[in-house]
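What follows is a single structure, written as structure tokens, with notes after it.
Throughout, read-outs are computed from the coordinates displayed, never taken from laboratory work. Here the structure is a predicted model, which means the values were calculated and not measured. All Cβ positions, even for glycine, are placed from backbone atoms using ideal geometry, and neighbour counts span all protein chains on display.
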């Protein structure tokens with residue numbers, strides 16, 4: 001189940017990310033607070049950037065797995081667009097790994 005976020009500008013969503021919990025709107029004025037298992041890695045890598053405004057939260061997804069719920073919270077960040085110096089394509093199959101590399105203005109790839 002994918003949940004649409006609500007915030008200061010968007011009041012139509014059904015959930016809000018609060019760092020270590022997800023607040024889910026049940027009815028007007030009634031909410032379910034879903035606590036999240038947050039590791040030290042998550043705190044240092046994602047939550048710190050989110051609190052500092054460097055990243056934003058995307059659409060939260062909740063799925064059931066046996067006797068528990070898995071909550072997926074994607075983070076989005078603006079990136080600087082850079083000019084590519086070359087290209088590299090990798091194809092991984094059961095029997096081989098193929099690599100194709102080329103320069104930016106080349107018309108064909110070198111295998």
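With no solvent and one point per C-alpha, what does the Debye sum give as log10 I(q)/I(0) for segment 32-91 at q = 0.21, 0.30 Å⁻¹?
So the normalised log intensities are -0.95, -1.30.
At a Förster radius of 22 Å, what calculated FRET efficiency corresponds to the Cβ-Cβ distance of residue 52 and residue 21, to the nearest 0.05?
Taking R0 as 22 Å, the efficiency between residue 52 and residue 21 is 0.70.
Can you tell me how much longer the chain between residue 76 and residue 33 gets when fully stretched, taken as 0.36 nm per residue apart minus their C-alpha distance, in nm with one decimal? Please report the intermediate quantities before stating the final value.
Details: separation 43, 0.36 × 43 = 15.48 nm, distance 2.30 nm.
Here the segment from residue 76 to residue 33 would lengthen by 13.2 nm.
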